[in-house]
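The structure appears below as structure tokens.
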Amino acid sequence: MSAPILELVGLKKSYGSQEVLRGVELRVRPAELVCVIGPSGSGKSTMLRCCNRLEEPSAGQVVLDGQDITRPDTDINRVRQSVGMVFQHFNLYPHLSALENVTLALRRVQKKDRAQAEAIARDALTQVGLGHKADAFPAQLSGGQQQRVGIARAIALKPKVMLFDEPTSALDPELVDEVLRVMRALREGGMTMLVVTHEMAFAHAVADRVVFMDGGVVAEQGTPAEVFENPREARTRSFIGRYMDAKSASPA
Amino acid sequence: MDSIIENFFNLEIYRQVLPYLLNGLWMTIWLSVIVIPLGAVAGLLLALGQTQSGSRWVRWTVIAFVDFFRAFPPLVLLIFLYFGLPFLGGDVPKLAAVVVAFVLNNASYFCEVFRAGIQAVHKGQMEAARSTGLNRMQALRYVILPQAVRNVMPDLLGNCIEVVKLTTIASVVGMPELLRAARDTQSLVYNPSPIVLAALLYLVMLWPLTRVLASLEKRRTGMAGH
Amino acid sequence: MNEANSGFLFTFFNPAVAAQYWQEIARGMVVTVGVGAATVVTGVAAGLVLALARATGRASLRLPIVLFSDITRSLPPLVIIILLYFGLPALGMPLSSFASTWLSLSLVLAAYAQESIWAGLSSLPKGQMEAARSTGLGWWQAMRWVLLPQALRRAVPPLTNRVIATTKNTALGSVVALSEILSTAQASAAVAGNPTPLTVGAFLYLLVFLPLVFVARTLEHRSFNGN
């Protein structure tokens with residue numbers, strides 16, 4: 001059992017009197033793909049965003065590769081180079097080309113020179129299948145292509161862990177597959193991935209572990225087989241019920 | 001009809017006063033070139049203070065400053081600085097009083113424009129930038145501000161046009177800009193033609209800019225379709 | 001240090017001088033408010049009429065309106081005031097300082113109001129007029145009940161700012177001998193040999209305009225969040 005690369009210990013988050021996270025415990029091992037599912041309001045996205053402190057936890061710790069990054073003396077900008085994030089709404093910089101979107105952090109944060117940065121960026125774009133679109137602007141790209149650029153932007157920094165916040169929720173159905181394919185390829189390359197998603201089929205087929213969140217805590221977790229086919233909790237069962245019914249109704 | 005030409009479009013008088021007016025025009029341009037960058041930079045700093053500061057006091061101070069100078073007529077401000085300050089002793093150089101009054105007035109308008117631009121940038125942009133390790137300053141410089149400025153380009157240009165129009169106020173304290181030159185020559189020739197000529201010069205300078213402004217605005221509302 | 005402080009206060013905030021002259025300056029305030037209010041009424045009304053005329057689509061109306069709007073917005077207001085005050089007498093139509101100031105500022109406000117309202121109308125989807133006409137409403141009715149209410153709501157933020165800017169320009173009337181706040185304050189300060197009347201005048205300006213600025217900020221906030 002290898003040591004976890006990402007660990008959430010007693011993570012709590014409140015907005016005023018509203019408690020969104022009530023003590024989340026989670027361990028992600030290196031090269032693991034963990035999918036987080038659950039109803040809206042369960043705190044999935046909030047939990048994910050605490051992992052790179054885009055949300056500040058009210059209590060608890062986030063430990064990345066042995067380092068407690070919730071400590072106030074953490075150099076958070078440095079930490080964020082090791083944690084890649086892909087957003088539901090892509091958040092590409094509209095005034096920069098795809099290539100420039102990827103090179104920005106390489107040049108300004110990692111201080112690489114232009115030639116180096118572009119080489120790395122082109123490599124990342126090729127990895128997601130968009131090497132030929134390096135000079136296109138976000139407005140000229142489809143949703144699926146934009147999201148893939150978003151992924152390239154994150155992997156170019158060579159992070160240890162990748163966080164995906166509902167990466168396909170904002171995509172038209174026919175564009176979802178291209179993004180999932182890139183994510184599968186990343187996983188095969190050995191990337192550690194924590195994915196909040198509604199794509200049950202993806203979680204079922206590809207994840208190493210599935211985490212079901214409800215009411216601000218981890219209600220249940222296990223292998224996809226365990227969670228999807230043999231859930232222990234009633235609420236898990238009711239949540240995935242609709243997916244499993246649809247699955248059994250249509251040919252696999 | 002004849003009297004209109006005689007009194008407003010008197011070519012002989014135009015020829016006489018044009019050199020004086022051109023000197024005044026030069027001063028008008030000079031004043032504008034000094035005030036616009038100062039006002040813009042000050043306005044940008046104020047807008048950053050208002051939108052980025054975590055401290056409530058900083059935000060409210062900026063808002064108070066901006067509202068104060070939006071409520072204060074610039075001519076009154078200029079008179080105050082120019083005639084009032086000498087009572088405290090010491091000489092107030094004319095140019096200094098004019099520039100300070102204009103910058104104080106103009107910075108608040110620039111602040112409002114930049115603020116609107118910054119707030120129109122989607123929240124996700126800052127998050128994306130920070131998530132790749134850029135610090136706040138870098139995120140502002142490379143991601144937020146370029147988009148903010150693009151958002152409000154028409155308003156920025158509009159504000160620059162306003163500064164040029166504002167320079168006429170300096171004529172009241174005897175600053176030798178275009179309107180002052182027109183009024184001085186008018187009282188010499190007993191004919192309003194110099195003022196009409198000055199108006200024509202302002203038109204030549206500002207009308208094209210107003211047209212550019214209109215087309216920038218059209219492009220912006222075109223984009224706002226989504 | 002104390003000397004200089006009391007010197008500043010004594011110079012700019014002299015209670016005796018203030019007491020002596022404040023009434024005179026307050027009379028100037030009545031003029032400021034009067035010219036301002038008159039300007040707003042005529043300026044906005046004229047702007048509305050011009051925008052509607054432009055909306056009819058007829059080139060014979062559109063071209064002169066655009067010309068007027070461009071020229072008026074490209075001229076400094078003070079130049080327009082001086083042109084009217086010193087120029088019109090040569091045509092045998094002398095205008096008082098009140099009239100020159102009011103007319104000039106109204107023309108300027110009308111031009112800007114026309115632009116803002118026109119922009120509001122143009123930004124409405126074409127389907128609005130089509131839907132209204134398809135239910136049998138006439139052109140004017142469609143404007144009155146469907147298009148203008150929406151357009152005016154969109155025009156409010158730029159319009160309030162422009163109204164404030166224009167009414168502040170009533171101070172320019174002092175240049176053509178209008179007895180509003182600034183000129184009465186200046187005159188009193190000259191007689192008193194003390195700038196306190198200027199401070200009184202400044203205070204009165206803030207009294208008039210700060211509320212307008214707050215209203216503008218609130219309206220802008222509401223439309224920003226409402227949309």
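Things worth noting here:
- With DNA, RNA and ligands ignored, accessible area of C:Met129 (1.4 Å probe; Å², nearest 10): 40 Å²
- Most mobile listed residue (C:Arg153, C:Arg162, C:Arg54) in chain C, GNM with C-alpha springs under 10 Å: C:Arg153
- Paramagnetic label reach from A:Ser58 (point 7 Å along Cα→Cβ; backbone nitrogen cut-off under 19 Å): within region A:182-221, residues A:214-219.
- Size of charge dipole - the protein assembly as shown - debye, nearest 20, with Cβ of Lys, Arg +1 and Asp, Glu -1, no other charges: 540 debye
- Across the accessible surface of region C:3-225, with the other protein chains kept in place and a 1.4 Å probe, carbon and sulfur atoms take up 69 percent.
- Buried between B and C is an accessible area of approximately 4100 Å², summed over both sides with a 1.4 Å probe.
- In the context of the full protein assembly, A:Val34 retains an accessible surface of approximately 0 Å², using a probe radius of 1.4 Å and ignoring ligands and nucleic acids.
- Cα-centre dipole for chain A with unit charges at Cβ (Lys and Arg positive, Asp and Glu negative), debye to 20: 520 debye
- Look at where the Cα atoms of region A:183-252 and of region B:32-86 average out, and the two centres are 56 Å apart.
- Based on C-alpha pairs under 8 angstrom that are at least 6 apart in sequence, region C:1-131 has a relative contact order of 36 percent.
- Taken over chain A, the percentage of Cα pairs per 5 Å bin, counting from 0 up to the bin with the maximum distance, is 1, 6, 13, 17, 19, 17, 13, 9, 4, 1, 0, 0.
- Mean-position separation - Cα centroids, region C:40-107 and region B:112-166, in angstrom: 35 Å
- Cβ neighbours within 10 Å from other chains - mean over B:197-203: 4
- Positive-end residue of C:Ser116, A:Met191, B:Leu21, charge dipole of the protein assembly as shown with Cβ unit charges: A:Met191
- Listed residues B:Val149, B:Leu77, B:Ile169: farthest to the positive end of the dipole of region B:73-226 (Cβ charges): B:Val149
- Listed residues C:Val213, A:Val63 arranged by accessible area, highest first, probe 1.4 Å: A:Val63, C:Val213
- Rh (Kirkwood; distinct C-alpha pairs) - region C:3-225, Å: 19.7 Å
- Taking every alpha-carbon pair under 8 Å whose residues sit at least 6 apart, chain C reaches a relative contact order of 32 percent.
- For the protein assembly as shown, the per residue solvent-accessible surface stands at 45 Å², with DNA, RNA and ligands left out and a 1.4 Å probe.
- Largest to smallest accessible area among A:Glu174, A:Glu19 [probe 1.4 Å]: A:Glu174, A:Glu19
- Listed by chain and number, the lysines whose alpha-carbon sits under 19 Å from that of A:Lys13, ignoring those within fewer than 8 places in the same chain, are A:Lys44.
- In order along region A:103-113, the Karplus-derived 3J(HN,Hα) couplings, from 6.51 cos²θ - 1.76 cosθ + 1.60 at θ = phi - 60°, round to 7, 3, 5, 4, 7, 8, 9, 8, 6, 7, 7 Hz, and Gly and Pro are given as x.
- Charge tally around C:Pro77: other residues with Cβ under 12 Å, Lys/Arg +1 each, Asp/Glu -1 each, net +3.
- Take each residue in C:9-19, count the other chain C-beta atoms within 10 Å of its C-beta, and the mean is 1.
- Proximal lysines relative to C:Lys126, as straight alpha-carbon distance under 28 Å, when same-chain residues fewer than 8 apart are discounted: B:Lys218
- For residues of B:164-172, the mean tally of beta carbons on other chains within 10 Å: 5
- When you work out D = kT/(6 pi eta Rh) for the protein assembly as shown at 4 °C and 1.567 mPa s, using the Kirkwood radius from C-alpha pairs as Rh and the Stokes-Einstein form, the result is 43 µm²/s.
- Most mobile of B:Ala128, B:Ala139, B:Ala148 in a GNM of chain B (Cα contacts under 10 Å): B:Ala128
- Think of region C:1-122 as a dipole: +1 on every Lys or Arg Cβ, -1 on every Asp or Glu Cβ, centred on the Cα centre; then among C:Leu107, C:Val79, C:Leu50, C:Leu50 lies furthest on the positive end.
- Orientation-averaged projection of region C:96-224 equals 9.8 nm² [convex hull of Cα atoms, one quarter of hull surface area].
- Qualifying lysines (Cα of each under 28 Å from Cα of B:Lys94; at least 8 residues distant if same chain): B:Lys165, C:Lys168
- The angle between the Cα long axis of helix A:173-188 and the longest principal axis of the Cα atoms of chain A comes to about 90 degrees, rounded to the nearest 10.
- Derived scalar couplings between HN and Hα for region B:185-201 equal 6, 4, 5, 7, 9, 6, 7, x, 3, x, 5, 5, 4, 4, 4, 4, 5 Hz in order, rounded to whole Hz, by the Karplus curve 6.51 cos²θ - 1.76 cosθ + 1.60 (θ = phi - 60°), x for Gly and Pro.
- Nearest-20 debye value, region C:3-225 charge dipole, Cβ charges on Lys, Arg, Asp, Glu: 960 debye
- At the residue level, A:Asp73 shows approximately 110 square angstrom of accessible surface with a 1.4 angstrom probe and all protein chains present.
- With all projection directions averaged, the alpha carbon convex hull of chain B covers 16.7 nm².
- Estimated [θ] at 222 nm from DSSP helical runs (n ≥ 4, -39500 (n - 2.57)) normalised by residues in chain B, nearest 500: -25500 deg cm²/dmol
- With each label modelled as a point 7 angstrom along the Cα→C-beta vector, the C:Arg58-C:Arg133 pair spans 1.6 nm.
- Two-site label geometry, C:Leu210 and B:Gln119: point separation in nm, points 7 Å out along Cα→Cβ: 2.1 nm
The values are calculated or read from the model by the stated rules, or taken from the named source; none is laboratory data. All values derive from a computational prediction rather than experimental measurement. Neighbour counts run over all protein chains shown; Cβ positions are idealised from the backbone, glycine included. To get the accessible areas, we keep the full protein, side chains included, count just its heavy atoms, and leave off ligands, DNA and RNA. Shrake-Rupley method; radii C 1.70, N 1.55, O 1.52, S 1.80 Å.
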